[in-house]
Amino acid sequence: MKGSLSYVISFFAVVIVAVFALSYTGEKESLDHYVSIEIAEGDSIWSLADQYEEHLRMSKTDFVEWVQEKNGLPTAVIKSGDSVVLPIDKQTYHDGTQLASRK
């Protein structure tokens, strides 16, 4: 009985260690090479997907999900003045400042 309890405890300890190891093995993706913008009045993630469609290498739905995930947004709602990172490479898009502002 005592021996089987030791095996059970050891098994759970190994499982817990494995879960933590797997969760920390993936390095957090650096967002430094992506374009960062300041949100203008009236912008939404969907309108940004339309505005930058020619620079995207993904669907608009994937764009919205990427922006939410990488910017830690619980919903697709953004506010004027917020800064968000877009899945657009800085080197392929030369003007990386105030992209969301309109004339």
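The values are calculated or read from the model by the stated rules, or taken from the named source; none is laboratory data. In this text the structure is predicted, and so the values were computed from the model without any measurement. FYI the Cβ positions are ideal-geometry reconstructions off the backbone, even for glycines, and counts take in every protein chain you see.
Quick check: is even one residue across the range 38-45 of a type in the set (S, T, N, Q), surrounded by 10 or more Cβ atoms within 10 Å (Cβ to Cβ) and at pLDDT 85 or above?
Here is the first cut: in the range 38-45, the ones of a type in the set (S, T, N, Q) are 44.
Still in the running and surrounded by 10 or more Cβ atoms within 10 Å (Cβ to Cβ): 44.
Next, from what is left, pick out any that are at pLDDT 85 or above: 44.
Looking through the range 38-45, at least one residue is of a type in the set (S, T, N, Q), surrounded by 10 or more Cβ atoms within 10 Å (Cβ to Cβ) and at pLDDT 85 or above.
Can we say Glu27 is at pLDDT below 90, surrounded by fewer than 10 Cβ atoms within 10 Å (Cβ to Cβ) and not in a helix (DSSP H, G or I)? Full working, then the answer.
Working: at pLDDT below 90: yes; surrounded by fewer than 10 Cβ atoms within 10 Å (Cβ to Cβ): yes; not in a helix (DSSP H, G or I): yes.
So Glu27 fits the description; yes.
What tally of residues in the range 65-90 results from selecting those that are among the hydrophobic types (A, V, I, L, M, F, W, C) and within 15 Å of Tyr34 (Cα to Cα)? Don't jump to the end; show me each part of the working.
Step one: of the range 65-90, the residues among the hydrophobic types (A, V, I, L, M, F, W, C) are 66-67, 73, 76-78, 84-86, 88.
Narrowing further to those that are within 15 Å of Tyr34 (Cα to Cα): 66-67, 84-86, 88.
Qualifying residue count, the range 65-90: 6.
For every residue, the table says whether it meets (1) in contact (Cβ under 8 Å) with a residue 12 or more places away in the chain; (2) of a type in the set (A, V, I, L, M, F, W, C).
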| site | (1), (2) |
| --- | --- |
| Ser36 | yes, no |
| Asp43 | yes, no |
| Leu48 | yes, yes |
| Glu53 | no, no |
| Glu69 | no, no |
| Gly72 | no, no |
| Ala76 | yes, yes |
| Asp82 | yes, no |
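Every residue in the range 71-82 that is under 20 Å from Thr61 (Cα atoms) and either surrounded by fewer than 13 Cβ atoms within 10 Å (Cβ to Cβ) or modelled with pLDDT under 90 (or both), please.
The initial filter retains those residues of the range 71-82 that are under 20 Å from Thr61 (Cα atoms), namely 71-79.
Of everything in the range 71-82, those that are under 20 Å from Thr61 (Cα atoms) and either surrounded by fewer than 13 Cβ atoms within 10 Å (Cβ to Cβ) or modelled with pLDDT under 90 (or both) turn out to be Gly72, Pro74, Thr75, Ala76, Val77, Lys79.
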